[in-house]
Amino acid sequence: MPPKLLPGFRDFYPDQFAERAHIFETWRRVVRRYAFQEYDGPPLEPLELYTQKSGDEIVGQLFEFVDKGGRAVAMRPEMTPTLARMVGARAQTLRKPVRWFSMPQLFRYERTQRGRLREHFQLNVDIVGESGVLADAELLSVAVEIMAAFGLTAADVRARVSDRQLLNGLLAHLAIDATTWPAVYAVLDKLERQPLDVSAEKLAAAGLPPATAEVILGFATLDFATLQARYGHAPEVAPHVTRFAQYLAHCEALGIGAWLHFDLTIVRGLAYYTGIVFELFDHVGEFRAICGGGRYDHLLASVGGTDLPALGFGMGDVVLGELLTARGLMRAPVPAVAVWIAQAPESPLYPAAMLHTAARLRADGHAVEFALREQRMEKQLESSRKAGSLATIVVDATEEAVCYRARAAGGPEETMHTLDALCEWASSTLKRTDPSHE
Ligand code: HAM
C-alpha cells in the first residue's frame with residue numbers, strides 16, 4: 001500500500017486546482033485595484049517568532065521541529081509575524097503607509113473538520129504605518145469587495161465588526177478590573193456557541209457581580225446606536241464611540257455600509273489585536289469565519305523593532321471555497337485545449353508537418369495538443385473530442401504541399417493552404433470561442 005495523504009492535507013487534481021486558481025486570481029485582481037503590492041516570506045521560520053506573539057491557540061497547533069543545525073523551527077501558521085519582521089527590517093526606507101498582500105500556504109495542526117484543515121492558503125492584506133480609522137475602513141472595503149467579486153452580496157455575507165478599545169472602555173466603565181478582562185473576552189468569544197447559563201457561570205467565577213454579568217451577556221445583541229445612546233457620554237467610552245462612528249461613516253462612503261454589522265462578541269483569538277477587529281461570516285451562519293483581521297498597533301514594535309501602527313486581515317481558501325460551491329458560485333472551468341492537431345501517420349511529412357503547425361500556433365499563444373504516438377485518424381479525432389478542444393485542425397500533407405482543414409466546435413470545416421492563413425483563422429475563431437485569447 002502506498003503511503004496515504006496526511007489528514008488535513010489536500011491533493012489538488014486539475015478540477016480542484018482550477019478552483020484554487022479562480023480564488024487566487026480573484027483575490028489578486030481586487031487587491032491590486034486597491035494598489036497593494038505582493039510579497040512573500042519563507043514557509044519555515046524560527047519557532048520563537050510565534051511563541052512570543054501568536055497566542056496560545058496557534059502555538060498549540062504548530063508544526064515544529066528541530067532542524068539538522070539544532071535550530072527550533074516551525075512551519076508558518078500565519079503570515080502576520082513574518083510581515084512584521086520584514087517591514088521592521090526595512091522600516092526606514094519603505095514608503096508609508098506600506099500596503100502589502102500575500103497568499104501563503106499556512107500550516108496548523110488543527111482538529112480536522114469542515115472548514116478547518118492542517119494546511120490552507122490565506123490571502124493576507126495589511127497596511128502598516130497608519131493609525132487613523134480611514135485605514136480600517138479601507139481594509140474592510142478590500143475584504144468586502146472580494147466577496148462581491150465572487151458574486152456574493154450583502155444578503156450572503158455579513159462583516160461582523162467590533163473594537164477592542166471600545167470594549168475595554170466599556171469594561172472600565174462597568175468597573176471591571178483589567179485583570180478580569182481576558183476572562184470576559186473569553187466568554188464574549190464563545191457567547192454565540194455556549195449556553196447562556198454556562199457563560200453566566202463563567203462570569204460569576206471571574207468575580208463579576210450578577211448585574212454586571214447581565215450587562216455583558218446583553219452585549220450579544222447591543223447595536224451601535226443603542227451603545228452610543230447608553231454609554232456615549234461616559235468618559236472611558238466617549239472617545240472610542242466618536243472614533244468608531246467616524247469609521248462607520250467612512251465605510252458608508254466607501255459603499256460597504258450594508259455589509260457591516262456591529263457585534264461586540266467578535267473578539268478574535270490572536271493575542272496581538274489592539275483596535276477595530278472584524279470577521280466575515282455567511283449570513284445563515286452555516287460556515288466558519290471566511291476571513292478575520294483587525295488592528296495590531298504594537299506587534300511591529302515587539303517583533304519588528306519599529307513602533308508602527310498596523311492592521312490587516314487573513315482570508316482562507318477553505319471556507320470561502322465551501323461557501324462558493326454551496327451558493328453555486330464556484331465557476332472554475334479547467335482550461336480547455338484550444339486546438340487539437342491531427343495528421344494521418346501514413347501521410348508524408350508525418351509528424352514534422354503536425355509539429356511545425358503546433359509550434360507556430362503555440363507561438364501565437366494557443367493551447368495546443370496532439371497525439372504523442374502514432375494513431376489512426378479516427379482515434380486522433382476522438383481524442384480531440386474527449387479533450388473538449390475548441391478547434392480541430394487536420395494537417396493534410398502530400399509530397400508537394402501541405403494544407404489544413406480546420407473546424408471550430410460547432411462550426412463549418414474550412415480549408416487553408418498556408419500556415420499564415422491558418423494562424424489568422426485560429427486567432428479570429430478562437431478569439432470568439434475562448435476569452436483567454438482576448
Ligand atoms: P485567523 O483568524 O487565524 O487570522 O485566520 C484567518 C482566516 O484564515 C480564517 O478566518 C479562516 O478563513 C482561515 N483559516 C485559519 N485557519 C484555518 C485552517 N486551519 N483551515 C482552513 N482555514 C483556516 C490570522 O491568521 C491573522 N494572522 C490574519 C491577519 C492578517 N491579521 C492581520 N493580518
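Name the trypsin sites (Lys or Arg not before Pro) in the range 22-81 that are in a loop by DSSP and that have at most 16 other C-beta atoms within 10 Å, would you?
Passing both the DSSP loop test and the Cβ count: K68, R71.
Stretched out fully, how many nm does the piece from K96 to R331 gain, at 0.36 nm a residue minus the Cα gap? Walk me through the numbers on the way to the answer.
Values: separation 235, 0.36 × 235 = 84.60 nm, distance 3.71 nm.
Stretched fully, the K96-R331 segment lengthens by 80.9 nm.
State, to one decimal in nm, how far the label point of R29 lies from the label point of H283, with both points 7 Å from Cα in the Cβ direction.
2.3
With +1 on each Lys and Arg Cβ and -1 on each Asp and Glu Cβ, how big is the dipole of the range 339-437 about its Cα centre, in debye rounded to the nearest 20?
420
Compute the Kirkwood hydrodynamic radius of the chain, taking the inverse of the mean of 1/r over all pairs of distinct Cα atoms, and give it in Å to one decimal.
One decimal place: 25.5 Å for the Kirkwood radius.
A72: net charge of surrounding residues, Cβ under 12 Å, Lys/Arg +1, Asp/Glu -1, itself excluded?
-3
When N counts the residues of the range 200-268, how does its alpha-carbon radius of gyration compare numerically with 2.2 N^0.38 Å, as a ratio?
1.31
Which log10 I(q)/I(0) values does the range 78-162 give at q = 0.11 Å⁻¹ under the Debye formula, counting every alpha carbon as one identical point scatterer?
-0.42
Could you tell me what percent of the accessible area of the range 339-437 is made up of carbon and sulfur, with a 1.4 Å probe and every protein chain present? Provide the component values of the computation, followed by the final result.
Values: 2890 of 5530 Å².
Solvent-exposed carbon and sulfur of the range 339-437 make up 52 percent of the total.
Considering only DSSP states other than H, G, I, E and B, which GluC sites (Glu not before Pro) in the range 319-389 qualify as loop sites with at most 10 other Cβ atoms within 10 Å?
Sparse-neighbourhood loop GluC sites (Glu not before Pro): E346.
Per residue, how much accessible area does the range 14-326 show when a 1.4 Å probe rolls over the protein heavy atoms, in square angstrom?
In whole numbers, the range 14-326 has 43 Å² accessible per residue.
Could you tell me what % of all Cα pairs in the range 369-435 have separations over 18 Å? Present the calculation step by step, with values, prior to reporting the outcome.
Details: 898 of 2211 pairs.
Cα-Cα pairs of the range 369-435 separated by over 18 Å account for 41 percent.
On the Cα set of the range 98-231, report Rg and Dmax in Å, please.
That works out to 18.4, 48 Å for Rg and Dmax.
From the cross-link list K4/K68; K53/K96; K96/K190; K386/K431, which pairs have alpha carbons spaced over 28 Å apart? Before the final figure, lay out each step's value.
Working: K4/K68 26 Å; K53/K96 24 Å; K96/K190 37 Å; K386/K431 21 Å.
The pairs that break the limit, which is 28 Å between Cα atoms, are K96/K190.
Using a 1.4 Å probe, what is the accessible area per residue for the range 339-437, in Å²?
That works out to 56 Å² per residue.
Across bins of 5 angstrom width beginning at 0, how are the C-alpha pair distances of the range 1-150 distributed, in whole percent?
2, 8, 15, 17, 19, 18, 12, 6, 3, 1, 0, 0
Report Rg (one decimal) and Dmax (nearest whole number) for the range 267-419, counting Cα atoms only, units Å.
For the range 267-419, the Cα radius of gyration and maximum Cα-Cα distance read 27.6, 78 Å.
Give the Debye-formula value of log10 I(q)/I(0) at each listed q (0.12, 0.19, 0.25 Å⁻¹), with one equal scatterer per alpha carbon of the range 231-301, two decimals each.
So the normalised log intensities work out to -0.41, -0.98, -1.28.
Under a 10 Å cutoff between Cα atoms, tell me which one of L299, L280, L47 has the largest fluctuation in the Gaussian network model of the chain.
L47
Full extension from R114 to L44: what is 0.36 nm times the residue separation minus their Cα-Cα distance, to one decimal in nm?
Net length gain for the segment: 22.6 nm.
Under a crude label model (7 Å from the Cα following the beta-carbon direction), how far is F9 from A220 in nanometres?
4.0
Quickly work out the R405-to-L419 label distance, labels modelled 7 Å from Cα along the C-beta direction, and quote it in nm with one decimal.
Here the modelled spin labels are 2.2 nm apart.
Rounded to whole Å and ordered largest first, report the semi-axes of the equivalent ellipsoid of the range 190-309 derived from its Cα gyration tensor (root of 5λ). Display every interim value, and only then the final one.
Numbers: eigenvalues 123, 78, 71 Å².
Over the Cα atoms of the range 190-309, the ellipsoid semi-axes are 25, 20, 19 Å.
At 1.4 Å probe size, put R164, R95, R288 in order of accessible surface, largest to smallest.
Largest to smallest exposure gives the sequence R95, R288, R164.
Where both partners of a DSSP beta bridge lie in the chain, what percent of those bridges are antiparallel, to the nearest 5?
About 80 percent, rounded to the nearest 5.
Based solely on its DSSP helices, what 222 nm [θ] is calculated for the chain when runs of n ≥ 4 H residues each add -39,500 (n - 2.57) and the sum is averaged over all residues, nearest 500 deg cm²/dmol?
Helices in the chain give a 222 nm mean residue ellipticity of -11500 deg cm²/dmol.
What range in the chain is the longest one free of chymotrypsin sites (Phe, Trp or Tyr not before Pro) that are in a loop by DSSP and have at most 13 other Cβ atoms within 10 angstrom? Please report the intermediate quantities before stating the final value.
On the way: sites that count: F9, F12.
Longest site-free region, per DSSP loop and neighbour criteria: 13-438.
F17 to A253: extension gain in nm, 0.36 nm per residue of separation minus the Cα-Cα distance?
Working: separation 236, 0.36 × 236 = 84.96 nm, distance 3.70 nm.
Roughly 81.3 nm would be gained on extension.
The values are calculated or read from the model by the stated rules, or taken from the named source; none is laboratory data. Fair warning: this is a prediction, and the values are worked out from it, not measured in the lab. Here the Cβ is made from the backbone with ideal geometry for all residues, glycine too, and neighbour counts use every protein chain on show. The accessibility values were calculated without ligands, DNA or RNA, using every heavy atom of the protein model including side chains. Shrake-Rupley method; radii C 1.70, N 1.55, O 1.52, S 1.80 Å.
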